[in-house]
Amino acid sequence: MKEVLKNIDEVNINDFQRDLLAWFSAEQRDLPWRKDRDPYKVWVSEIMLQQTKVDTVIPYFNRFIEKFPTIEALATADEEDVLKAWEGLGYYSRARNLQSAVQEVKAKYDGKVPDSPKEISSLKGVGPYTSGAILSIAYGIPEPAVDGNVMRVLSRILSIWIDIAKPSSRKVFEEAVRKLISHENPSFFNQALMELGAIICTPTSPSCLLCPVREHCHGFHEGVQAELPVKTKKKSTRIVKMSAVVLFTEDNKVVIHKRPEEGLLANLWEFPNTEVVDLQSPRKQLEQYIEKEYRMKVAINPGVITTIRHVFSHLTWEIEVYTGKLLHTKKKLPRLEIVTDEELSKYAFPVSHQKIWKTVVAEKTES
DNA sequence: TATCCGTGGCG
DNA sequence: TCGCCAAGGAT
């Protein structure tokens, strides 16, 4: 720890803070979660921003806050509605953990977001980064908030050559932030490091000539800014072949299924589908799967409508899409619904299944 | 520690 | 087309 941070003692901390904060005060983007310091809104924004770009989050944040303006509103909402508001944003456990944590805040902390590291870190979905972000931004408490931006920026400024892909690296950067952070304005300091990483000190080809803290940057002075940070690559993803079918009833309703409570796309809705094992007759395999699992008699039309690729961070689905008819079903099973196309809009679907529906609708209107 | 967990954009 | 990348957390 001492050796990797050897350059930190050469940084003029007062000047560094001054230059960084002056830049952020002048250049910070006008973002919807920066309009006030409501801890709830800061919290929502930080959860949404996990592994997600600012431009993607903005419309989701605005809609979410409009629909669930307060802790009370989110705590008492239906999970279905929360997931619908999250639809398309990804990492859906974030939404369920957030609502669960908000309910805990309502019950345990009288509806006030706690302001101690220990209490706030114990909330579902709140890890070291989010904890520090909320404490510093909403409460002005000088805690580090180390995300990918901060690790990249500080690895360059301090010329730190450890692998930022390793979980153990984060504590090195937390240690650095604890030494560098402004106690007068920890909120702006943390946000400024992230803003710098997002706008100037970008992953490839950083704009050093525009950088407000270039003068303090060891990586720049050594000419190695483009080689930092050190980040090992992750393994490539595996491909899984899937088949899916949009089943219509006589009166033009469709069959949908709610995914399991845990795992991939948990609690989202989908069209009946299964992994293709029988490469010779995937259609028959899908029919048999549906008859067995859903207790339905179905007739799947021959011929694949389209093939949809759904790329996740750790695997890829290749989905062959069919249409078909629901011939008979005995009784209503849990997590299974037969709905009109209008009612479909109330249910949250993963992006791939939204595409399935759009393609099938386009196909139908043609004929 | 390594893997799981989404999605869209970009070079 | 493809790999990489983004304000991470849970297990």
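The values are calculated or read from the model by the stated rules, or taken from the named source; none is laboratory data. Computed from a predicted structure; not experimentally measured. As a convention, Cβ positions derive from the backbone with ideal geometry for all residues, glycine included, and neighbour counts pool all protein chains shown. What goes into the accessible areas is simple: the full protein's heavy atoms, side chains included, and nothing from ligands, DNA or RNA. Shrake-Rupley method; radii C 1.70, N 1.55, O 1.52, S 1.80 Å.
Would it be correct to say that A:Ala101 is more than 16 Å from DNA strand B (Cβ to nearest atom) and farther than 21 Å from A:Arg335 by Cα? Talk me through it step by step, then tell me what you get.
Numbers: more than 16 Å from DNA strand B (Cβ to nearest atom): yes; farther than 21 Å from A:Arg335 by Cα: yes.
Spelling it out, A:Ala101 is indeed more than 16 Å from DNA strand B (Cβ to nearest atom) and farther than 21 Å from A:Arg335 by Cα.
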* Starting from residues that are in a helix (DSSP H, G or I) and in contact with a Phe, Trp or Tyr (Cβ under 9 Å, 6 or more places away or on another chain), keep the ones in segment A:18-39 and report whichever is surrounded by the most Cβ atoms within 10 Å (Cβ to Cβ). => A:Leu20
* Structure fact -> Quick count over segment A:71-121, residues being outside any helix (DSSP H, G or I) and either touching a Lys or Arg at 6+ places or on another chain (Cβ under 8 Å) or under 20 Å from A:Asp38 (Cα atoms) (or both), is 10
* Structure fact -> Checked against (1) of a type in the set (S, T, N, Q); (2) without any contact (Cβ under 8 Å) to a residue 40 or more places away in the chain; (3) within 24 Å of A:Ser313 (Cβ to Cβ); (4) open to solvent by 10 Å² or more (accessible area, probe 1.4 Å), A:Thr76 satisfies every condition except (3)
* Considering A:Lys84, A:Lys124, A:Lys112, which residue is closer than 24 Å to A:Phe61 by Cα and more than 16 Å from DNA strand B (Cβ to nearest atom)? -> A:Lys112
* Any residue in segment A:252-263 that's farther than 21 Å from A:Lys325 by Cα: show its pairings with residues that are part of a loop (DSSP other than H, G, I, E, B) and open to solvent by less than 30 Å² (accessible area, probe 1.4 Å) at Cβ separation under 7 Å, as long as the two are six or more apart or on different chains. => A:Arg259/A:Leu265; A:Arg259/A:Ala266; A:Arg259/A:Asn267; A:Arg259/A:Leu268; A:Pro260/A:Ala266; A:Glu261/A:Asn267
* Asked: Restricted to segment A:85-112, and to residues that are of a type in the set (Lys, Arg) and over 21 Å from the mean Cα position of the chain (by Cα), which residue is nearest to DNA strand C (Cβ to nearest atom)?
  -> A:Lys108
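Can you confirm whether segment A:199-212 contains a residue that is closer than 19 Å to A:Phe24 by Cβ, among the hydroxyl-bearing types (Ser, Thr, Tyr), over 25 Å from the mean Cα position of the chain (by Cα) and open to solvent by 20 Å² or more (accessible area, probe 1.4 Å)? Please lay out each step first, then the result.
Residues of segment A:199-212 that are closer than 19 Å to A:Phe24 by Cβ, as a first pass: A:199-202, A:206-212.
Filter once more, so that each one left must be among the hydroxyl-bearing types (Ser, Thr, Tyr): A:202, A:207.
Of the ones still in play, those that are also over 25 Å from the mean Cα position of the chain (by Cα) are A:207.
Narrowing further to those that are open to solvent by 20 Å² or more (accessible area, probe 1.4 Å): A:207.
Taking every residue of segment A:199-212 in turn, at least one turns out to be closer than 19 Å to A:Phe24 by Cβ, among the hydroxyl-bearing types (Ser, Thr, Tyr), over 25 Å from the mean Cα position of the chain (by Cα) and open to solvent by 20 Å² or more (accessible area, probe 1.4 Å).
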* Matching option when the condition is open to solvent by less than 50 Å² (accessible area, probe 1.4 Å) and not assigned by TED's automatic domain parsing to the domain that holds A:Phe16, among A:Met242, A:Met194 -> A:Met242
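Can you report the number of residues in segment A:351-362 which are closer than 24 Å to A:Glu291 by Cβ and either in the same structural domain as A:Glu79 (by TED's automatic domain parsing) or open to solvent by less than 50 Å² (accessible area, probe 1.4 Å) (or both)? Before the answer, list the steps.
Filtering segment A:351-362 down to residues closer than 24 Å to A:Glu291 by Cβ leaves A:352-353, A:356-357, A:360.
From what's left, either in the same structural domain as A:Glu79 (by TED's automatic domain parsing) or open to solvent by less than 50 Å² (accessible area, probe 1.4 Å) (or both): A:352-353, A:356, A:360.
Selection size over segment A:351-362: 4.
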* What pairs come up if the first residue lies in segment A:301-316 and is under 23 Å from A:Leu264 (Cα atoms), the second is open to solvent by 80 Å² or more (accessible area, probe 1.4 Å), and their beta carbons are under 6 Å apart, counting only those six or more places apart or on different chains? -> A:Ile308/A:Lys355; A:Leu315/A:Arg238; A:Thr316/A:Ile239
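Could you say whether any residue in segment A:62-77 is modelled with pLDDT under 95, away from DNA strand C (no atom under 13 Å from the Cβ) and touching a helix residue (DSSP H, G or I) at 6+ places or on another chain (Cβ under 8 Å)?
Residues of segment A:62-77 modelled with pLDDT under 95: none.
No, segment A:62-77 contains no residue that is modelled with pLDDT under 95, away from DNA strand C (no atom under 13 Å from the Cβ) and touching a helix residue (DSSP H, G or I) at 6+ places or on another chain (Cβ under 8 Å).
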* Which condition number in (1) closer than 22 Å to A:Glu337 by Cβ; (2) more than 16 Å from DNA strand B (Cβ to nearest atom) is the one that A:Ser281 fails? -> (1)
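Go through segment A:291-325 and give me each residue that's open to solvent by less than 20 Å² (accessible area, probe 1.4 Å) and assigned to a strand (DSSP E or B). Steps first, answer last, please.
Restricting attention to segment A:291-325, the residues satisfying the condition of being open to solvent by less than 20 Å² (accessible area, probe 1.4 Å) are A:294, A:296, A:298, A:300, A:308, A:315-317, A:319, A:321-322, A:324.
Correct list: A:Met296, A:Val298, A:Ile300, A:Ile308, A:Leu315, A:Thr316, A:Trp317, A:Ile319, A:Val321, A:Tyr322, A:Gly324.
With over 24 Å from the mean Cα position of the chain (by Cα) and either open to solvent by less than 80 Å² (accessible area, probe 1.4 Å) or within 14 Å of DNA strand C (Cβ to nearest atom) (or both) as the only criterion, which of A:Asn273, A:Asn252 stands out?
Details: A:Asn252 fails: either open to solvent by less than 80 Å² (accessible area, probe 1.4 Å) or within 14 Å of DNA strand C (Cβ to nearest atom) (or both).
So the residue among A:Asn273, A:Asn252 that is over 24 Å from the mean Cα position of the chain (by Cα) and either open to solvent by less than 80 Å² (accessible area, probe 1.4 Å) or within 14 Å of DNA strand C (Cβ to nearest atom) (or both) is A:Asn273.
Of everything in segment A:137-169, what is part of a helix (DSSP H, G or I), over 17 Å from A:Asn185 (Cβ atoms) and open to solvent by 30 Å² or more (accessible area, probe 1.4 Å)? Give them in sequence order.
A:Gly148, A:Asn149, A:Pro167, A:Ser168, listed by residue number.
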